[in-house]
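Take a look at the structure set out below.
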Amino acid sequence: MGKNKLLQFLNRRGAIEAISLCTAIITWEIVADFIIRNPIKLPSPYAVFLSYLKLWEIIPVDIGISLLHFGIGLGAGAAVGITVGMLMGWFRVANRALDPMVEILRPIPPLAWVPFAILWGGLTHYAAGFIVFIGAFFPILLNTYTGFREVDKTYIDAAKVLGCKEERKMIKYVAFPFSLPYIATGIRIGMGVGWMCVVAAEMFGVSKSGLGFRLFQVFWPLHMIDRLVAYMIILGLVALVLDHLFRYFVEERLLKWKKGMVIQ
Amino acid sequence: MNHKLELRNVTKTFKTEEGELTALENINLAIKPSEFLCIIGPSGCGKSTLLRLIAGLDDPSSGEILLDGKELRGPSQDRGMVFQEYSLFPWRNVLKNVTFGLEIQGIDKQEQYKIAEEYIELVGLKGFEKRYPYELSGGMKQRVAIARALATEPAILLMDEPFGSVDAQTRNILQEELLEIWKRTKKTILFVTHSVDEAVYLADRVAVVSSRPGCLVKCAKIDIPRPRKRTSVEVNEFRGKLLMWLSLERTKACIQR
Ligand SMILES: Nc1ncnc2c1ncn2[C@@H]1O[C@H](COP(=O)(O)OP(=O)(O)OP(=O)(O)O)[C@@H](O)[C@H]1O
Ligand SMILES: [Mg+2]
């Protein structure tokens, strides 16, 4: 291959990315096979691939269950977080009344709620969902709050002059749409935290199924490290897909009026 | 007494960290129905404050503002406003921006669109209904803002330096269009500007406001027949007078300091 052709190839979309990924996998394979040589310490990518062949029937079920936990928690977190954030951002009284509680509860790590999740919910999907809820709730709350706080005064004045008088209409027609990008950011951060909480909650025995539960099960007592890695990769991929779906539907569609806005 | 709008001894003070700031002092002004009044004055003299008072967005510290002989209370759809800064709702497209006031009123959707289309056409933006504000130029944004303000059919249109941030040529075109709209709709227009040319081209009457505190120092009729020529002798003459009043104000202010 001539130098030019090589450059051309490298310039193709995804070329460098693919090469880099392949190199990483091959390196991993070599290290596992020839240097570590202990599948318990480090299973090879090939072994992981083989384990998928055995797991393909049960993995979708576990994905489904984890997504159920995730959905319950995120849904509740968004519903409560947006509502409370809206009240706190828009009404000074609500802010003063609720702020102390939020400030005290927020620093408690979501996993510290695991015992209560089990006490209150037993080993149900709701118990795992509860942990996700705790994780997702605060970022959604805080971002919604910020959005409502920062509503541009010009928009409020413009709406007033156009006859928007009631507080309810001002929220519906001005403050809420203005805050949507902030809310989206909150949900996206909440999704990240929530996914961590799913795995942790399931690992800690709030659930007897789901990706997190399975992940820990194959480690202890089963010691099937190739499967452990298989589950780790699945966990990452599901989160990646969720994030991309969210970005596609929310940023590209719902928030297309806010072109160029950065949601990190 | 058939004044559309009357300001009696209107004073507005703001509480700031350095103490009280008198933005407007003792403003007396009466505007007839369908009159085109330009308010001119240096930056910071209280022009926006004056319009906000008339819009009902702020209350005067003392004095009263009468609308059709009755003291006005708060904002209402009988006074439309075009703001100095861009105020289109960025999450609504052109059509939805124009329907905003109608939607608040709870008017039937079909009807909303019909009315909005009319005004979008009036400001020359037919075909841009689906665009979002970020896809519009500055001049187009102000046209939408005008259509939005007109859609609820206010009797009074308050305009705060609406063409302040567009280039000179576009500005001229927008001025002509505004006069056209004014002729057709018979609105009472209060138009704030700091451009002498703009005031002389547009207004029936011009009110000169001095700075700190903002007082009404001069109110003069512009008796030049329309359509006016921007370069005609009378226009130039009046422009000269207006400039003189403005600079007198400036020297007075300097002496006082
Ligand atoms: N909400 C406020 N609080 C305190 N001071 C204010 C407030 N609004 C306006 N002012 C002050 O009142 C004065 C007049 O302001 P205003 O915005 O009316 O000026 P303006 O004539 O519209 O100026 P420009 O031509 O630059 O728009 C300024 O000194 C300003 O600092
Ligand atoms: Mg101003």
Contour minus Cα-Cα span, B:Asp197 to B:Asn2, at 0.36 nm per residue, comes to 67.2 nm
Report the paramagnetic label zone for B:Glu121: residues of the range B:150-187 whose backbone N is under 16 Å from a point 7 Å from Cα along the Cα-to-Cβ axis. B:151, B:181, B:184-185
If you put +1 on each Lys and Arg Cβ and -1 on each Asp and Glu Cβ, how big is the dipole of chain B around its Cα centre, in Debye rounded to 20? 440 debye
So how tilted is helix B:233-256 from the main axis of chain B? Cα-based, degrees 0 to 90, rounded to 10. 60 degrees
What do the square roots of 5 times the Cα gyration tensor eigenvalues come to for the range B:27-92, in whole Å, largest first, as semi-axes of the equivalent ellipsoid? 21, 16, 13
Quick check: Cα centre of the range B:186-205 to Cα centre of the range A:71-99, how many Å? 47 Å
By how many nm would the segment from B:Thr16 to B:Glu177 grow when fully extended, if each residue of separation counts as 0.36 nm and the alpha-carbon distance is taken off? 54.0 nm
List the aspartates and glutamates whose Cα lies under 14 Å from the Cα of B:Lys130, skipping any in the same chain that are fewer than 8 positions away. B:Glu117, B:Glu121
Against the longest principal axis of chain A, how steep is helix A:225-246, in degrees 0 to 90 to the nearest 10, with axes from Cα atoms? 30 degrees
Considering only lysines 8 or more places apart in sequence, or on different chains, count the pairs in the range A:50-257 whose C-alpha atoms sit under 29 Å apart. 11
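Which pairs, out of B:Lys96/B:Lys186; B:Lys32/B:Lys229; A:Lys258/B:Lys141, put more than 18 Å between their alpha-carbon atoms? Show your work: numbers first, answer last.
Details: B:Lys96/B:Lys186 25 Å; B:Lys32/B:Lys229 25 Å; A:Lys258/B:Lys141 16 Å.
Pairs exceeding the cut-off: B:Lys96/B:Lys186; B:Lys32/B:Lys229.
What translational diffusion coefficient, in µm²/s and rounded to a whole number, does the Stokes-Einstein relation yield for the protein assembly as shown at 10 °C and a viscosity of 1.306 mPa s, taking the hydrodynamic radius as the Kirkwood radius over Cα pairs? Could you put the intermediate results ahead of the total?
On the way: Rh = 28.0 Å.
Estimated diffusion coefficient is 57 µm²/s.
Please sort B:86-98, A:246-258 by packing, taking for each peptide the average over its residues of neighbouring beta carbons within 10 angstrom, highest first. Mind dumping the intermediate values first?
Working: B:86-98: 22.9, A:246-258: 13.9.
Ranking, from highest mean packing down: B:86-98, A:246-258.
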Under the definition of Cα pairs under 8 Å and six or more residues apart, what whole-number percent is the relative contact order of chain B? 25 percent
Relative contact order of the range A:50-257, pairs being alpha-carbon contacts under 8 Å that are 6 or more residues apart, as %: 27 percent
Would you list which aspartates and glutamates come within 16 Å of B:Lys70, measuring only between C-alpha atoms, while excluding same-chain residues fewer than 8 positions from it? B:Glu6, B:Asp59, B:Asp78
Contour minus Cα-Cα span, A:Ala24 to A:Phe91, at 0.36 nm per residue, comes to 18.8 nm
On Cα atoms only, tilt of A:125-149 relative to the major axis of chain A in degrees: 50 degrees
Per principal axis, largest first, the Cα atoms of chain B extend in Å by 58, 43, 40
Bins of 10 Å, starting at 0 and running to the largest distance - Cα pair percent for chain A: 7, 22, 25, 22, 14, 7, 2, 0
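B:Gln105 to A:Phe116: FRET efficiency via 1/(1 + (r/R0)^6), r the Cβ-Cβ distance, R0 45 Å, to the nearest 0.05?
Numbers: r = 50 Å, r/R0 = 1.10.
For R0 = 45 Å, the calculated efficiency reads 0.35.
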Would you calculate the volume per residue, in Å³, of the smallest convex hull containing every Cα atom of the range B:113-257? 131 Å³
Förster-model FRET efficiency, 35 Å R0, B:Ser232 and B:Ser43, C-beta, rounded to 0.05: 0.80
Report the one residue of A:Val199, A:Leu53, A:Met232 whose Cα lies farthest in the direction of the positive end of the charge dipole of the range A:50-257 (charges on C-beta: Lys and Arg +1, Asp and Glu -1; origin at the Cα centre). A:Val199
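What size of dipole, in debye to the nearest 20, comes out for the protein assembly as shown about its Cα centre when the only charges are +1 on Lys and Arg C-beta atoms and -1 on Asp and Glu C-beta atoms?
Values: 64 positive and 52 negative charges, 135 e Å.
Approximately 640 debye in magnitude.
None of the figures in this text is laboratory data; all of them are computed from the coordinates on show. Please read all numbers here as calculations on a predicted model, not as lab measurements. So basically every Cβ, Gly included, is an ideal-geometry build from the backbone, and we count neighbours across all protein chains shown.
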